[in-house]
Structures are given as structure tokens and as C-alpha cells.
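Worksheet: the structure to be examined is printed underneath.
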Amino acid sequence: MGPLKSEEEQSVILISDDEAENTHGSSVLLVDPQEKSVLEEKRSEEVVDEECELIVTFSKQAYVMPHARYDCTIHPFERTECDTCSPLGKNADICNQCYCYVCDKLASECQNWTTLSLCHCNAHNKSKFWKDKRDFALAGVLVMFNLELTDIDADLRHGGSLLIKFIQDLSVEYSKYLVGERTPPTQQECFCLTKLPPGQCNICRSRNMEVVYRYSGVFALVTNFLDQAEKESPKAAAVMFLGAAKEITLHKDPALSWQNLGQIGSLKIAVPCLLQRITTQLQRMLVLCDFPKSLYEKFILFFQSISLPCHCFGFSNSLNVVPWDHVLLTTVLKGQNITGQRTQKGRKMFLWEAFPVIEARVEKLVDQNNYKEVVRYLKAVKCNDSRGLRHLQDKIPFYFCKIGDFLNAACSLLYPISGLTCCTACRITPLQFEVYLKMFRTGSVPAGKDMLDSGPWVTAGPPLKDAALIKHALKLLYCSVSLYRNPKCWSSFIMVLGSSSLLERSGHLHPLSLKEPPLDFQKRVLAATGGLLEELKAKINVSLPSAIFSPHLQHEACLILAVQAVQQMLFCDLPYLNSFLEIALAFGNNFWALRLLLEHLSYEENILQGTVNLILRDLDCQKATILKLWQNLGPQYVGEFLCLFLTCRHKKMQSIGLFALNIITENLHKCPWAKHLGNIFDNAGLKHLPLGTTAHHEVSKFINICEKL
């Protein structure tokens, strides 16, 4: 009902709900007024009813409040179901508080109060006809969604008003499309068998005069409207998307023959393209937005009621999105059903969903940190977009890490999910490989939703033991050729094994400086693990010798095993490597492990030569990067690194140290720590070691230069 009017000298009276079922056709409850003279006489008196113990201390004349015309107590009203020809009886008579039931405003302001064929004066709340008229007047275009007035809020009304304007604009643009464009005649070549001179063939001339119907104008208008809808609130956007879908499916192609005018110019190509965008957005909204259940169901029913043309039949079931409380879906999310299948009345049912729906469900579950449910859902759901689903399933190991289950995360990297032909390890990048190893090593995970987020790291659970870590890391390398032949993966592998299980909040590892273990221990580890690597390559489930990988020297044993794995890789795949320096740098301060690797390489001349060439090329191509790195690492590290190569018994390895020394000599202005480096060489006695003529000369020259700084 319309706004209530009040005056200072009047009192408020009761108004009943004109739509309530328990009313007796009355929207106003009137209190019979007393005579004014009596009122004035009794105003200061008290009337006591002894039986009811009711005391009346004051009374005042009632004021007639706004009411529907059919409830007016001054003018009688005649009711019929749907008479609109002319006013019935005295239905056109009104008092100054009568309201139009259809327009919901003062009857004196209703423009259709006595208009023939409309006659709002005959409207009342006991007629379905007039109730539908009222609903349409109040709901506008939203009435086609079969919404109750109680369902309609400000967002829905806003979406409806935008939809009405769009429908009006679309009608104009569609009319232009139906007119078409008539191309001017041209002297085109004859393509008929008669091969008449240009312009003389009636058949070719008639084809040339054909009207062209370009849908591009309509397509642009609809696209702009959809762009606007995506910026609105969910309810308003849903109304706009659904309304646009209904309008474009009504469009017909007037051309008598097929006109291939491109994706936006041909109606039968453009409309499915627009519907694809609309249904994809609606699918996501039905999953992500918390629509009331009744509204959710009415949106789906409305789309199902749209009569789709033959070129849009593929969208018939697009919005058959199961709600979150669906039995099969809930049992999967709770872990009660791991297959996504159930039998109901002898009929098999599968958890099958469109890819945009799966994406939206995963997005919402991840936002809620329900990682267990995400894993269960992705393992059970089926989809026709196998590539898209596989991309989402490749994140399952990361979701396992987020809940602190690092062992299952490592296993899920290596074993394919049912229905997939290969495992996730085949598709991870070297950077992802490094992040996984850091998570397995430290028990920490990135705080964000993505494993490559640059934000802080948080503890998720106990890390993998060293034996499990090194086994799964090697299995990952052996499982993927692209990882196996990538030097960054091997450097990450060595760096993680040579680091502490404690992780900085920023995600940086703490490198360990391990003391060189006894030589007999090194030999025992090498001997015990010789066949282990081959078994891992063959995907045999092996266990590392507990006697060797004991807590006492397990970090050292892991590094020795890593050295052996790198050596085998170089012997088999050296030609495929594009770098080796970063592998050497990954050992950090554990120079004894790097020396062990270099000694093993010297047994094969071609492997030694290839490795030296790779390192020299790296040093030559990355001089600026190397100098900056050495600046951060300090002169002590640089000195030990150079001494390692300069003191190698093999002359080719010495050439690496000499080349690096030459880089520092040429860039002394960028190396303020060079003087300290000279002192380190001097203290190490490099001048007196039998390095060879060339090496001895260069080292002595460098020490002399440093002494003059």
C-alpha cells in the first residue's frame, strides 16, 4: 500500500495486510468515532467497566487511513473476476484515501482508473486476473521469472530495469538486421558453365543482388550488455543474463540461403557464441553465489522454459547444475563415496558436471580452505573437457600439502588418477619441482591459494623423512625426461638436501655447512646405493639402507647419493644439458661433496671435457650475474670455490678456476672484496702448491695485484 499520511491532531489506527489469507476482504480496520460533543465532555472523565476492569481515560475521533478501493467504507464496491470493459456500479467513485490495487498509488493519480479495456477501478484482491495485473505492474519484466513479490529486492529490480531498456534497444537493432543490406550490382565474372561475359549472366546477377543480413550490430549490443551484467550484483546479473538469453534465442535468420559472414556476422554462429558466454557465467554464479533456494530453482526453470532454436540445442541442459546439498555431491565431499557413482532404482548415476561448474566448485572450496573436499571432488567428478579437468587435478598434490599430508602429496605426483594416462609429474615445471621439494623438506607451504605465490609460508605438518624425501625426489626426476635433463631441477635437488628443515617465513631455506665425513663412510654409501638408483629408475619400490642413512650422518649420506645420481645423469644425458654451473653452485659450502663429484667425472675423458666446456660457457655468458652472486656470497666462499678448481689434479678442471680468476681481475672495480680473496689464496699456500706452470703464474700474478690494492 502507498505511504501513510499523518497529522498532529489525528491518531494512528490499525491496517491489516491486504494480501493475508486470514482477512475478510478488508485492508482497513475502522474504529467507530464518538460524537465530538460527547468527546469533549468526557475527555477528563474516567469510565470504569467493573466487570472487565477496563479504564478508558481518553478517546479521539478515528482517521481513515489509505486503503484499497474495494475496502472503502464510504463507497460500495462490486466484485467480478476480470471485467475491464467499463466501471461497474459505483466502483469509479473514490474517497481521498482510496488506492488503486494495480498501480499501488492514489486512485486519483491512476491514469487507467476508468480507461476502457483497462478499468483499474474494478480491481480487487480476490481475482487471479487482477492479481496477475498487479504483479506485472509491480514486478515489471521480472514477472516472466515467476517471482513472488516477496522475492523481489532492490538488486532484482535494478537488473529488471536494465533488462527492459536492453530489450527496447535490442528490438530496434534487430529490426535493422531484418531489413538487411542490398549490395550494389557489379560486373562480376560468370561462374556458370555457360561462362557468359561479366554482367550478362542473370543467375550470377541475381546472386549479386542478394540481400545480406549482418548480425554484427546485434552481437555488439548484446556483448556490451553482457559486459555490463558482469559488473552488477549477482541477482541483477542473473536476471540480465537470463533475459538476454531468451531474447537472442527468438531471433531468426531471414536469409533464404546460408550466408557465411563470420563469427559475429552470421546469426547461427553468433547466437551460440553469445549463449556459450551466458551459460558459462550462469553456471559459475549458481555455484558461487548463495541464491535463496526458491530463486535458484526459478532461474533454472526459466532457462529450461526457453524454446531453443536448432542451432542452440546443445545448450538445453546447460543450467542443470546440481545444488550443493545434492545427495551424490555431498557424499563425495564427505568422503563417503570415492568413485562419484551410485545406483538408484537399478540405474547408475555419475557425478558428471560441466567444466565451468567444476572450476567454480573448486574455487569456492579453496576459498573456504576445504582442501580435503577439493581432493575428494576432483578425484570423483567426470567432465567432457578432459584437458581442463586434468589441469585442475594436477593441483591435487598441492592441496595435499596444504593439509599437511606430504606423503600422499608425493605419491599423487607419481601415480595417475583413474582415467588419466600419465601422472602429474610429467607436467610440472622445474620451479614447481623446487617448491614441492621445499614443502616436503620443511613441512611448510605457501600461505596463498597457489603454490607459486610470493607471499609468506606457514607450517602445515611434519615434513618427510630424509629417506622418503630423496626417494620421491629421484622418482620425480626419473619419471619426467624434461625434469631429468633440466639443470635447475638437479640444482634444486642438491640445494634442498643440503639445507635445514627450518624455513624462513619468506620461503628461504637455511643452507647447511656439513663437515666432510670419513672416506670409508663415503665409500660405503657409494657401494650400498650403486644399484638403488637403477631400481628407482625401473620404478621398483626400494628402501634405503637404514645403517647408512642413520640420524648421525644422514644429511651427508643424502648428499653422497645426490652426487652419485648427478654423475649417472651426466654419463647418460650430458649432451642434453644447457648448463652445469648452477649444479656446482647448489652444493653451497659443502665443497667436499662437489669435489667428490668432480673426481668421479675425471674417470671419463669425454664427460670431463663436456662438463668443463659447459662451466666455461656459463662463466663467459653470465659474468655480471656471477660477480653479483659472489658479492653476496662473500670472499670466503669465492676463495674456497676457486681453490677447489685450482687444486684439481686434472688440468682441464684448473682451467675453470683460472677463467674465474681472470673475470675477477678484469672487474676489480666491481670486486671490493678481491683483496680479501688474495689473502685467502696466500694463506692457503697456493703459491707453493704444485699447480703447474700456467696456474702457478696466474695465481701469483693475482696475489701480487691484490697486495697493491
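Things worth noting here:
- Candidate set from segment 660-693 (those that are farther than 16 Å from I626 by Cβ, of a type in the set (S, T, N, Q) and at pLDDT 75 or above); member that is surrounded by the fewest Cβ atoms within 10 Å (Cβ to Cβ): N683
- Selection over segment 540-588 of residues that are among the β-branched types (V, I, T) and either touching a His at 6+ places or on another chain (Cβ under 8 Å) or modelled with pLDDT of 90 or more (or both) gives a count of 4.
- For segment 113-136, a tally of residues being assigned to a helix (DSSP H, G or I) and either surrounded by 18 or more Cβ atoms within 10 Å (Cβ to Cβ) or acidic (D, E) (or both) returns 8.
- So V638, is it of a type in the set (V, I, T) and either in the same structural domain as S655 (by TED's automatic domain parsing) or farther than 18 Å from V566 by Cα (or both): yes
- Condition met for D466 (among the acidic types (D, E), within 27 Å of the chain's Cα centre (by Cα) and either under 30 Å from Q568 (Cα atoms) or at pLDDT below 95 (or both)): no
- Highlighted here are the helices (runs of 4 or more DSSP H) found entirely within segment 577-659 that include at least 1 residues which are over 18 Å from C671 (Cα atoms) and in contact with a Gly (Cβ under 9 Å, 6 or more places away or on another chain): 591-601, 635-646.
- Under the condition of being crowded, with 16+ Cβ neighbours inside 10 Å, assigned to a helix (DSSP H, G or I) and within 31 Å of the chain's Cα centre (by Cα), the residues counted in segment 143-174 number 10.
- Some residue of segment 639-647 being of a type in the set (S, T, Y), modelled with pLDDT under 90, more than 23 Å from L594 (Cβ to Cβ) and over 50 Å from the mean Cα position of the chain (by Cα): no
- Taking each residue of segment 344-372 that is on the phi > 0 side of the Ramachandran plot and looking for partners that are assigned to a helix (DSSP H, G or I) with beta-carbon atoms closer than 8 Å, six or more apart or interchain, yields N369/K402.
- From P292, P309, P254, residue being more than 22 Å from A380 (Cβ to Cβ), touching a Phe, Trp or Tyr at 6+ places or on another chain (Cβ under 7 Å) and in contact (Cβ under 8 Å) with a residue 40 or more places away in the chain: P254
- Residue, nearest to R277 (Cα to Cα), within segment 333-373, restricted to residues that are β-branched (V, I, T) and modelled with pLDDT of 95 or more: V357
- Among the residues of segment 214-244, the ones that are under 12 Å from L170 (Cα atoms) and either free of Cβ contacts under 8 Å to residues at least 24 places away in the same chain or in a helix (DSSP H, G or I) (or both) come to 11 in all.
- Screening G243, G199, G265 for residues that are among the small types (G, A, S), at pLDDT below 90 and surrounded by 15 or more Cβ atoms within 10 Å (Cβ to Cβ) leaves exactly one candidate, G265.
- Taken over segment 39-84, the criterion of being modelled with pLDDT of 65 or more and of a type in the set (K, R) is satisfied by K60, R69, R79.
- Of all the listed residues (G507, G498), the sole one being within 16 Å of M439 (Cα to Cα), under 44 Å from the mean Cα position of the chain (by Cα), modelled with pLDDT under 90 and surrounded by 12 or more Cβ atoms within 10 Å (Cβ to Cβ) is G507.
- Any hit, segment 657-665, residues being hydroxyl-bearing (S, T, Y), in contact (Cβ under 8 Å) with a residue 12 or more places away in the chain and farther than 27 Å from F571 by Cα: yes
- Qualifying residue in segment 448-468 (condition: of a type in the set (A, V, I, L, M), assigned to a helix (DSSP H, G or I) and within 22 Å of S506 (Cα to Cα)): no
- Residue count for segment 280-290, restricted to those that are within 15 Å of the chain's Cα centre (by Cα) and not in a helix (DSSP H, G or I): 1.
- Condition met for I428 (surrounded by 18 or more Cβ atoms within 10 Å (Cβ to Cβ) and outside any helix (DSSP H, G or I)): yes
- A residue that is surrounded by fewer than 15 Cβ atoms within 10 Å (Cβ to Cβ) and within 30 Å of V222 (Cβ to Cβ) cannot be found anywhere in segment 84-107.
- One residue alone among C119, C192 is more than 49 Å from the chain's Cα centre (by Cα) and either at pLDDT 80 or above or of a type in the set (G, A, S) (or both), and that residue is C119.
- Qualifying residue in segment 85-94 (condition: of a type in the set (V, I, T), part of a loop (DSSP other than H, G, I, E, B) and modelled with pLDDT of 90 or more): yes
- Residue match in segment 291-306 (condition: in the same structural domain as P234 (by TED's automatic domain parsing), within 22 Å of the chain's Cα centre (by Cα), at pLDDT below 95 and part of a loop (DSSP other than H, G, I, E, B)): yes
Residue by residue, here is whether (1) crowded, with 16+ Cβ neighbours inside 10 Å; (2) among the hydroxyl-bearing types (S, T, Y); (3) in contact with a strand residue (DSSP E or B) (Cβ under 7 Å, 6 or more places away or on another chain); (4) not assigned by TED's automatic domain parsing to the domain that holds G498 holds:
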{"position": "L544", "(1), (2), (3), (4)": "yes, no, no, no"}
{"position": "I548", "(1), (2), (3), (4)": "yes, no, no, no"}
{"position": "P551", "(1), (2), (3), (4)": "no, no, no, no"}
{"position": "V566", "(1), (2), (3), (4)": "yes, no, no, no"}
{"position": "L574", "(1), (2), (3), (4)": "yes, no, no, no"}
{"position": "E582", "(1), (2), (3), (4)": "yes, no, no, no"}
{"position": "F587", "(1), (2), (3), (4)": "yes, no, no, no"}
{"position": "Y603", "(1), (2), (3), (4)": "no, yes, no, no"}
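Matching residues to (1) small (G, A, S); (2) at positive phi; (3) surrounded by fewer than 19 Cβ atoms within 10 Å (Cβ to Cβ); (4) not assigned by TED's automatic domain parsing to the domain that holds R485:
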position: A380; (1), (2), (3), (4): yes, no, no, yes
position: G388; (1), (2), (3), (4): yes, no, yes, yes
position: A409; (1), (2), (3), (4): yes, no, no, no
position: S412; (1), (2), (3), (4): yes, no, no, no
position: I417; (1), (2), (3), (4): no, no, yes, no
position: T424; (1), (2), (3), (4): no, no, no, no
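The values are calculated or read from the model by the stated rules, or taken from the named source; none is laboratory data. Values in this document were obtained by computation on a predicted structure and should not be read as measured data. No Cβ is skipped: glycine too gets one built from the backbone with ideal geometry, and neighbour counts run over all protein chains shown.
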